[in-house]
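Take a look at the structure set out below.
The values are calculated or read from the model by the stated rules, or taken from the named source; none is laboratory data. Just so we're clear, the structure is a prediction, and the values are computed from it rather than from any experiment. Note: ideal-geometry Cβ built from the backbone for every residue, glycine included; neighbour counts use all protein chains shown. What goes into the accessible areas is simple: the full protein's heavy atoms, side chains included, and nothing from ligands, DNA or RNA. Shrake-Rupley method; radii C 1.70, N 1.55, O 1.52, S 1.80 Å.
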Amino acid sequence: MERQIYVIGSMSMDLVVATSIVPGKGETVLGDSFFTTPGGKGANQAVAAARLGQDVHMIGRIGNDTFGKDIFQNLKNNQINVEHVKPTEGPSGTAHITLADNDNSIIVVPSANNEVTPDYVQEALASTQPGDIVLLQQEIPAETVEIAVKYCYEHDVISILNPAPYREISDDVLEQVTYLTPNETESENMFEGDVDGALERYPDKLIVTLGELGAVYHNGLEQVEIKGFKREVKDTTGAGDTFNGALAVGLQKGYDLAEAVTFANLAASYSVTGMGAQGGMPTFEDLEADLEF
Ligand code: RIB
């Protein structure tokens, strides 16, 4: 059977406000527009990978509310396997997003995502095979990320951890994870400013994403800079998730690391051209013309 991609992570409804004025403390301003759209870093990674044509399994929790129903339907619309997506009592996760100055700021309320516990993910992990890929992010409990990374390490399953939003990561996770994909800010926090040193310490594992400038990792001999692709920005929300979903697809297709990171950069560049986290995510056909491998 083809290697499978599993995403263990968050699903949320994004509540998005576009504004030209960002309020200061205690201030009220008038915004420009509002929309709701499915998001959550986990679900976004799953949709990114599925849209590129791969079989994807989502493992997570939704609330027993209308948002939960919409999130679930959106996964199905994107042909994602939802066997391990179960409702829990209470609300679904929400993300409160402000779009201003071509960038976003986000407050996430995890709600049902806090129920993605170590026990909850055991059954799904047990169904993985050596060579499968498990994608993780940090809008679910830290102990779940820890046991998932450990399981993958012990069972020859490839793990990709996107450490967003930032929180401290245990030494065990750092040692056992296959790929770690922080952005610049997250890597500065994680390695107390010594990102170059960390790249060298974690060759072919630590991949620091640099937005439209691309990404960098160390191959054991030297730093490797992978070019980015610049496109007109409508909404940057979900670009990092697209990078991670596409990285999994590139690895699953058997690309080497440099090719897989290039592919991920290319996919991420498309994602900013549509509104909403998932609005600009490309299909494989969208990317084919720009692929030189
Ligand atoms: O990475 C973008 C995502 O972060 C949004 O979809 C939002 O849900 C937040 O989790």
Can you tell me which residues in segment 80-118 are small (Gly, Ala, Ser), surrounded by fewer than 17 Cβ atoms within 10 Å (Cβ to Cβ) and in contact with a helix residue (DSSP H, G or I) (Cβ under 9 Å, 6 or more places away or on another chain)? 90
Selection over segment 65-83 where residues are under 20 Å from residue 119 (Cα atoms) and assigned to a loop (DSSP other than H, G, I, E, B) yields a count of 0
Given (1) small (Gly, Ala, Ser); (2) in contact with a Pro (Cβ under 9 Å, 6 or more places away or on another chain); (3) at positive phi, identify the lone condition not met by residue 271. (3)
Tell me which residues, restricted to segment 119-135, are in a loop (DSSP other than H, G, I, E, B) and open to solvent by 10 Å² or more (accessible area, probe 1.4 Å). 127, 128, 129, 130, 131
Quick one: which of 104, 113, 44 is touching a residue at least 60 places away in the same chain (Cβ under 8 Å), assigned to a helix (DSSP H, G or I) and within 20 Å of residue 235 (Cβ to Cβ)? 44
Specify which of the listed residues (264, 277) is of a type in the set (Gly, Ala, Ser), in contact with a strand residue (DSSP E or B) (Cβ under 6 Å, 6 or more places away or on another chain) and within 16 Å of the ligand (Cβ to nearest atom). 277
Tell me, yes or no, whether segment 247-261 has at least one residue that is more than 29 Å from residue 195 (Cα to Cα), open to solvent by less than 30 Å² (accessible area, probe 1.4 Å) and within 16 Å of the ligand (Cβ to nearest atom). no
With the structure loaded, tell me whether residue 234 is within 16 Å of the ligand (Cβ to nearest atom) and either touching a strand residue (DSSP E or B) at 6+ places or on another chain (Cβ under 7 Å) or basic (Lys, Arg) (or both) or whether it fails that test. yes
Under 6 Å between Cβ atoms, at least 6 apart or on separate chains: pull out the pairs that start in segment 10-26 with a residue that is open to solvent by 90 Å² or more (accessible area, probe 1.4 Å) and end on any residue that is within 9 Å of the ligand (Cβ to nearest atom). none
Exclusive hit being closer than 25 Å to residue 252 by Cβ, of a type outside the set (A, V, I, L, M) and within 15 Å of the ligand (Cβ to nearest atom), set 139, 154, 175: 139
May I ask you to verify whether residue 243 is among the aromatic types (Phe, Trp, Tyr), farther than 23 Å from residue 36 by Cα, touching a helix residue (DSSP H, G or I) at 6+ places or on another chain (Cβ under 9 Å) and open to solvent by less than 50 Å² (accessible area, probe 1.4 Å)? no
Filtered residues of segment 67-107 (kept if closer than 30 Å to residue 32 by Cα and in contact with a Gly (Cβ under 7 Å, 6 or more places away or on another chain)): 91, 92, 93, 95
If residue 29 satisfies every condition in (1) within 12 Å of the ligand (Cβ to nearest atom); (2) over 18 Å from residue 283 (Cα atoms) but one, which is the exception? (1)
Assess whether residue 229 counts as being open to solvent by less than 50 Å² (accessible area, probe 1.4 Å) and away from the ligand (no atom under 16 Å from the Cβ). yes
For segment 99-120, which residues satisfy the criterion of being among the polar types (S, T, N, Q), closer than 18 Å to residue 278 by Cα and within 19 Å of the chain's Cα centre (by Cα)? 104, 105
So, of the residues in segment 1-38 that are in contact with a Gly (Cβ under 7 Å, 6 or more places away or on another chain) and of a type in the set (Gly, Ala, Ser), which turns out to be farthest from residue 66 (Cα to Cα)? 18
